[in-house]
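Here's the structure we're looking at; comments come further down.
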Amino acid sequence: MGFSTDAIHGGQRPDPLTGSVSVPIYQTSTYAQEEVGRHKGYEYARTQNPTREAWERCVAVLENGRHGIAYSSGLAAVGSILQLLRSGDRVVAADDMYGGTYRLFERVYRGFGLDFRYADLTDSDRLD
């Protein structure tokens, strides 16, 4: 399939209930459970949601990846990535990044021992 087709159908399966080839938008926050901890793969929308999972699969196809992870905001994604780092690790970031990201780096994560350096990322010679 080409990019246009993948952008619409990549990683998607027809809806088992209706056969729809467009992913339904599930607007629920909770899902019925047979008992506590026993469910059909979904218990609470903030942890799993079939609509978000469809989006993640589609992006993975478009990026030639095996998995995709969606976040509610770019800052949420940045925060999750930073949690993979350890004290003493260095992050090189764009010197013109979003101000909220800069404040997260400087006011929160620098206190955990991360080192942040800022550079003009359009000039690879300055990344020494």
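Quick notes on this structure:
- Cα shape, region 62-128, gyration tensor, a/c 1.5 rule: oblate
- Full extension of the chain segment joining residue 48 with residue 3 gains 13.5 nm, where the gain is 0.36 nm per residue of separation less the Cα-Cα distance.
- Most mobile listed residue (60, 93, 32) in the chain, GNM with C-alpha springs under 10 Å: 32
- Over the chain: helical MRE at 222 nm, DSSP H runs n ≥ 4 each giving -39500 (n - 2.57), nearest 500: -7500 deg cm²/dmol
- Rg in Å to one decimal, and Dmax rounded to a whole Å, for the chain via C-alpha atoms: 19.7, 59
- The amide H of residue 115, built 1.01 Å from its N in the peptide plane, has 88, 89, 90, 91 as neighbours under 5 Å, considering only residues 5 or more places off or on other chains.
- Computed from the C-beta positions of residue 122 and residue 77, the FRET efficiency with R₀ = 22 Å rounds to 0.50.
- Rounded tilt (10° steps) of 50-62 against the dominant C-alpha axis of the chain: 60 degrees
- Counting protein heavy atoms only, the chain has 52 percent of its accessible area on carbon and sulfur, 1.4 angstrom probe.
The values are calculated or read from the model by the stated rules, or taken from the named source; none is laboratory data. If you're wondering where the values come from, they're calculated on a predicted model, not measured in any experiment. Quick reminder, even Gly has a Cβ in these numbers, built from the backbone with ideal geometry, and neighbours come from all protein chains shown. Surface areas here come from the heavy atoms of the whole protein model, side chains and all, with no ligands, DNA or RNA. Shrake-Rupley method; radii C 1.70, N 1.55, O 1.52, S 1.80 Å.
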